[in-house]
Amino acid sequence: MTRRHLSATPSRRTVVKAAAATAVAGSVLAATGARAADGPAFLHGVASGDPLPDGILLWTRVTPAPDAVPGSGLGADTPVAWEIAEDRDFTRIAARGTAVARAASDHTVKADVRGLRPATAYWFRFSAGSTVLSPVGRTRTAPAAGAAVPGIRFGVVSCANWEAGWFSPYRHLAARADLDAVLHLGDYIYEYASGSYPTQDTVVRPHAPLHETRTLADYRLRHATYKTDTDLQALHAAHPVIAIWDDHEFANDAWSGGAENHTPGTEGSWAARVAAAKQAYFEWMPVRASTEGTVYRRLSFGGLAELHLLDLRSFRSEQASIGNGAVDDPERSITGRAQLDWLKAGLTASDARWKLVGTSVMISPVAFGALPAHLLAPLAELLGLPGEGLAVNVDQWDGYTDDRKELISHLRDHAVTDTVFLTGDIHMAWANDVPVRAATYPLSASAATEFVVTSVTSDNLDDILRAAPGTVSAVAATAVRAANRHVKWIDMDSHGYGVLDVTAERSQMDYYVVSDKTSREATASWVRSYRTRSGTQRIERADAPVR
């Protein structure tokens, strides 16, 4: 695979706001060396998320005493104050309030702040006691409803396995001052026991707890472990994060009644495990908890874009066996009836120019049958599928074709244009048209487009094969593209992140890769860009990243 690399350079708005981003990163890094002694401490950073035109959700975790480790249930309930200001020196306070960090919620704290100005940058912090201050974070509200917005820019990430490497993609996104938010498309944590995924000899740093997460205490400690990473703390302190979950926030290949990585006879009930995982997720993530215990929701960014976020684990039917025809069964669903109706109605009713859909797994149809035999097994391992006779990834929308057909037909029949699916999960970068009929593409129409980002650290093809990047994967990528003409590009080797830039004229994804996921000092470089022009529903290559 031929690559063009360009060093990651500051883009528009970066120069103006670079000092602010540097100050955020510095405050976080200075604070992470602190430890709880005789009084409370903020050891897991601060975060914000789910921006609204008039509000933002703030988050932190207080460690009230040395023994009050996450998941322990120990430690006194602790009063916490928060404040949000229009300047980093907190001389222009916009709002302030109090909360209590309770043992019942693992001493995490959320403040859903309202009454703020739209499209405005704010600084925020927490305090406990008379002198203990948290790191300072920076956030941003969304534009006003229907407002004319010249552009919106999101960082886009997924699949960050703690044991597989360092989170340098987060560091590089934290250093950018031109982002309105960061979209995390799932697999924020991984549930596996230490050394079981990928393998013991590739562990860069061990998980805590060392065993597989099953209980509330386990999931709390796993979330807390991730939030000790300085690059992740810097990301949360620099930008609001908009997150959805995929399977590894629960267990591999999760569905509504179980998971591939869950054995009821030895690991307890699936319902209890899911309840524990969801409770820990909503405690530890800057995500607004819903009464239904789900993450599907909408966020609007003026008249330019509306973001529809999906939950593709809570309501889905069990994955089908490959080759038995069940993938086409109309009784099986990846979304559940209520969520699919909600999505269709929202897409039709949206007044925004761009309809962005955050989907944790790929919606574009992909057939893998044309791959050489020696690549089927490692690709199946990557996808978590049987190695023999690999044809489709049944954990994606390919395993639930009736839902996909209904959604694509709805886009076409109701003339819903400028729909862009934003996807993670597969540990590879893709740029796809989403065809109405894949078999007759490109003669048939494309109903939407899809940008898939690669993993932050989780293994991809060259990691599994222990091969030099671009060697074996070049054969695989060529074969996949030949059999799937709507797929415009695949990178099966790299780790990194995307930056999505949206204007009235086009949506463009700039793909960045890091030099070495096992190095704490990994550099980042631009590798490719693809865009879709308004009204076309087609992907085309762009020659350079947006500045």
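Tabulated results
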quantity	calculated
Residue check for Arg205: open to solvent by less than 10 Å² (accessible area, probe 1.4 Å), at pLDDT 95 or above and among the charged types (D, E, K, R)	no
From Asp493, Asp510, residue being crowded, with 23+ Cβ neighbours inside 10 Å and assigned to a loop (DSSP other than H, G, I, E, B)	Asp493
Test for Arg13: is it at positive phi, surrounded by fewer than 18 Cβ atoms within 10 Å (Cβ to Cβ) and either in contact with a helix residue (DSSP H, G or I) (Cβ under 9 Å, 6 or more places away or on another chain) or at pLDDT below 95 (or both)	yes
Filter result for Leu116 (free of Cβ contacts under 8 Å to residues at least 40 places away in the same chain, outside any strand (DSSP E or B) and either in contact with a Pro (Cβ under 8 Å, 6 or more places away or on another chain) or not β-branched (Val, Ile, Thr) (or both))	no
Where Asn261 falls short, out of the listed (1) of a type outside the set (Val, Ile, Thr); (2) within 15 Å of Glu191 (Cα to Cα); (3) assigned to a helix (DSSP H, G or I)	(3)
Considering residues of region 200-228 that are of a type in the set (A, V, I, L, M) and part of a loop (DSSP other than H, G, I, E, B) only, the residue nearest to Lys278 (Cα to Cα)	Ala208
Every pair of residues 6+ apart whose Cβ atoms lie under 6 Å, when the first sits in region 162-191 and is closer than 20 Å to Thr518 by Cα while the second is among the polar types (S, T, N, Q) and open to solvent by 10 Å² or more (accessible area, probe 1.4 Å)	Gly165/Thr518
Odd one out for Ser525, checked against (1) more than 27 Å from Asp229 (Cα to Cα); (2) in contact (Cβ under 8 Å) with a residue 12 or more places away in the chain	(1)
Selection from region 477-490 of residues that are under 22 Å from Lys517 (Cα atoms) and in contact with a helix residue (DSSP H, G or I) (Cβ under 7 Å, 6 or more places away or on another chain)	Ile490
Residue within region 245-265 that is out of contact with any helix residue (DSSP H, G or I) (no Cβ under 8 Å at 6 or more places or on another chain), touching a residue at least 24 places away in the same chain (Cβ under 8 Å) and within 24 Å of Thr419 (Cα to Cα) present	yes
Of residues in region 464-481 being at pLDDT 80 or above and open to solvent by less than 30 Å² (accessible area, probe 1.4 Å), the one farthest from His495 (Cα to Cα)	Ala479
Subset of region 295-318 that is open to solvent by 40 Å² or more (accessible area, probe 1.4 Å) and touching a residue at least 60 places away in the same chain (Cβ under 8 Å) - its residue that is nearest to the chain's Cα centre (by Cα)	Ser300
Residue in region 267-282 that is surrounded by fewer than 21 Cβ atoms within 10 Å (Cβ to Cβ), touching a residue at least 12 places away in the same chain (Cβ under 8 Å) and on the phi > 0 side of the Ramachandran plot present	yes
Close pairs from region 452-473: first on the phi > 0 side of the Ramachandran plot, partner of a type in the set (Asp, Glu) and surrounded by 22 or more Cβ atoms within 10 Å (Cβ to Cβ), Cβ under 7 Å, at least 6 apart	Gly470/Asp493
Only one of Ala104, Ala111 that is open to solvent by less than 20 Å² (accessible area, probe 1.4 Å), of a type in the set (A, V, I, L, M) and either at pLDDT 95 or above or not in a loop (DSSP other than H, G, I, E, B) (or both)	Ala111
Those residues of region 149-172 which are open to solvent by 10 Å² or more (accessible area, probe 1.4 Å), aromatic (Phe, Trp, Tyr) and part of a helix (DSSP H, G or I), in sequence order	Trp162
Qualifying residue in region 446-454 (condition: touching a helix residue (DSSP H, G or I) at 6+ places or on another chain (Cβ under 7 Å) and crowded, with 24+ Cβ neighbours inside 10 Å)	yes
Residue list for region 323-344, filter: among the aliphatic types (A, V, I, L, M) and either closer than 22 Å to His248 by Cα or at pLDDT 95 or above (or both)	Ile334, Ala338, Leu340, Leu343
Single residue of Asp38, Asp50 found to be at pLDDT 50 or above, outside any helix (DSSP H, G or I) and open to solvent by 60 Å² or more (accessible area, probe 1.4 Å)	Asp38
Those residues of region 523-547 which are in a strand (DSSP E or B) and either hydroxyl-bearing (Ser, Thr, Tyr) or open to solvent by less than 40 Å² (accessible area, probe 1.4 Å) (or both), in sequence order	Ala524, Ser525, Trp526, Val527, Arg528, Ser529, Tyr530, Thr532, Ala542
Count of residues meeting criterion [open to solvent by less than 10 Å² (accessible area, probe 1.4 Å) and either modelled with pLDDT under 90 or under 16 Å from the mean Cα position of the chain (by Cα) (or both)] in region 428-445	3
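Quick grid of which residues meet (1) under 18 Å from Lys344 (Cα atoms); (2) out of contact with any Cys (no Cβ under 8 Å at 6 or more places or on another chain); (3) at pLDDT below 95:
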residue: Ser290; (1), (2), (3): no, yes, yes
residue: Arg298; (1), (2), (3): yes, yes, no
residue: Gly303; (1), (2), (3): no, yes, no
residue: Leu307; (1), (2), (3): yes, yes, no
residue: Ala320; (1), (2), (3): no, yes, yes
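The values are calculated or read from the model by the stated rules, or taken from the named source; none is laboratory data. What you see is a predicted model; the values in this text were computed from it and never measured. Positions of Cβ are generated from backbone atoms using ideal geometry, with glycine treated the same way; all protein chains shown enter the neighbour counts. Accessible surface is based on the protein model in full, side chains and every heavy atom, while ligands, DNA and RNA are left aside. Shrake-Rupley method; radii C 1.70, N 1.55, O 1.52, S 1.80 Å.
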